[in-house]
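J.: Sharing a structure here in structure tokens format.
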Amino acid sequence: MVCLKDPLVQKICEFYEKISRLDSLKPSEDVNTLFTELVLTCMPPYPIDCTKLCKKIQEIRSKLIRLCGEAEGLLEKHYSTILGSFDNPLDHLDIFPYFSNYLKLSLLEFDILSQHSKDVPSHVAFVGSGPLPLTSIVLASNHMTSTTFHNYDIDSSANSVASHLVESDPDLSKRMIFHTTDIMNVTSALKDYDVVFLAALVGMNKDEKVRILKHLNKHMAPGALLMLRSAHGARAFLYPVVEPCDLRGFEVLSVFHPTDEVINSVIIARKCLFSMHSSIDQGFGQLMHCSKCAEIQVFNSLSQMSMIEELAVEEHHC
């Protein structure tokens, strides 16, 4: 297979071998160095379609994504615990080494959301908020200052340290609510949200992701917005990929692929005004066809971010 001879793939496989041999993925000099080098290797634009890799490399990619997810969770819990030792944790968020990335990603997502929503949403759900819910905190503090954020995570210990971060803030402590549950067990409550954010590592492979998206489509309010994170090019070795065609029952509005240190792509979609899940369950197949990329434009963030490719997606007929 061609992919086995690709120099980038070979280099990523070398990183996988080194990372998989680590005794622990908790933050340390070795762990931090390896993951930093891996991210820097995957960051530059590279003409590779990870969905077309051979089976062996696909398996390595799947395992590497899980290792990255585990390491990311341990890193966030480590810094959330440190932040929790301060009297005012929110005054020290910049000790987290990737805080500037979250500032840029949050602004990007707010800019995208503002293009497709007339009003600032009053109630938002963030699925997969984790022990260090920086996206929710930054959006609530800087961009959506009257919005209530419902943060969902399956890990009670993650929610415990996360909620402690906002306890001392009289405003955020009222607008940041934490739910410990599997999002697949949340049904009627999903209709209460104007926007649902889906974290990149909720659903670690295509099947899990599609199952969650189907559940969200079934229970979100018609017309509500879904914002989810994906990956593009070599960055797909770090995070799962979501394609517009995976979003049955949603009108895909835009797909953005950053070219700077913001790793995740961002997809925004709108829940169709009629329910699709019943038709799919009855075996009628995919009633909505994949949208085609009509054009490539340049999206300039208001924060002087580097250029971002926007794949403008033709409107689904809902």
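The values are calculated or read from the model by the stated rules, or taken from the named source; none is laboratory data. If you're wondering where the values come from, they're calculated on a predicted model, not measured in any experiment. With ideal geometry, Cβ positions are generated from the backbone for all residues, glycine too; neighbour counts draw on all protein chains shown. Remember, those area values only see protein heavy atoms, side chains included, never the ligands or the DNA or RNA. Shrake-Rupley method; radii C 1.70, N 1.55, O 1.52, S 1.80 Å.
J.: Considering only segment 164-207, how many residues are among the charged types (D, E, K, R), in contact with a His (Cβ under 9 Å, 6 or more places away or on another chain) and under 26 Å from Ser265 (Cβ atoms)?
T.: Counting residues in segment 164-207 that are among the charged types (D, E, K, R), in contact with a His (Cβ under 9 Å, 6 or more places away or on another chain) and under 26 Å from Ser265 (Cβ atoms) gives 1.
J.: Oh, and also: All but one of (1) open to solvent by 10 Å² or more (accessible area, probe 1.4 Å); (2) more than 19 Å from Ile268 (Cβ to Cβ) hold for Phe126; state the number of the condition that does not hold.
T.: So Phe126 meets the others, but not (2).
J.: When segment 102-123 is examined, which residues are found to be open to solvent by 40 Å² or more (accessible area, probe 1.4 Å), more than 26 Å from Ile82 (Cα to Cα) and either modelled with pLDDT under 95 or not aromatic (Phe, Trp, Tyr) (or both)?
T.: Residues satisfying the conditions are Ser114, Gln115, His116, Lys118, Asp119, Val120, Ser122, His123.
J.: Does Asp153 satisfy being open to solvent by 10 Å² or more (accessible area, probe 1.4 Å) and out of contact with any Leu (no Cβ under 7 Å at 6 or more places or on another chain)? Give the steps one after another, and end with the answer.
T.: Values: open to solvent by 10 Å² or more (accessible area, probe 1.4 Å): yes; out of contact with any Leu (no Cβ under 7 Å at 6 or more places or on another chain): yes.
So Asp153 fits the description; yes.
J.: With (1) at pLDDT 95 or above; (2) under 15 Å from the mean Cα position of the chain (by Cα); (3) assigned to a loop (DSSP other than H, G, I, E, B) as the list, and Val262 as the residue in question, which single condition is left unmet?
T.: Exception for Val262: condition (1).
J.: What tally of residues in segment 55-90 results from selecting those that are of a type in the set (Ser, Thr, Tyr), under 30 Å from Leu172 (Cβ atoms) and either in a helix (DSSP H, G or I) or modelled with pLDDT under 95 (or both)?
T.: 3
J.: Okay, next question. Is at least one residue of segment 194-210 buried (at least 18 other Cβ atoms within 10 Å of the Cβ), over 18 Å from the mean Cα position of the chain (by Cα) and either modelled with pLDDT under 95 or not in a helix (DSSP H, G or I) (or both)?
T.: no
J.: Condition check: farther than 24 Å from Gln115 by Cβ, open to solvent by 10 Å² or more (accessible area, probe 1.4 Å), in contact (Cβ under 8 Å) with a residue 12 or more places away in the chain and of a type in the set (Lys, Arg). Does Lys218 satisfy that?
T.: Here the answer is yes, as Lys218 does meet what is asked.
J.: Further question on the same structure: Being open to solvent by less than 40 Å² (accessible area, probe 1.4 Å) and farther than 14 Å from Leu74 by Cα is the filter here; which residues of segment 23-42 pass it?
T.: Leu34, Leu38, Thr41, Cys42
J.: Let me ask another. When you scan segment 91-104, do you find a residue that is of a type outside the set (A, V, I, L, M, F, W, C) and not in a helix (DSSP H, G or I), even just one?
T.: Yes, some residue in segment 91-104 is of a type outside the set (A, V, I, L, M, F, W, C) and not in a helix (DSSP H, G or I).
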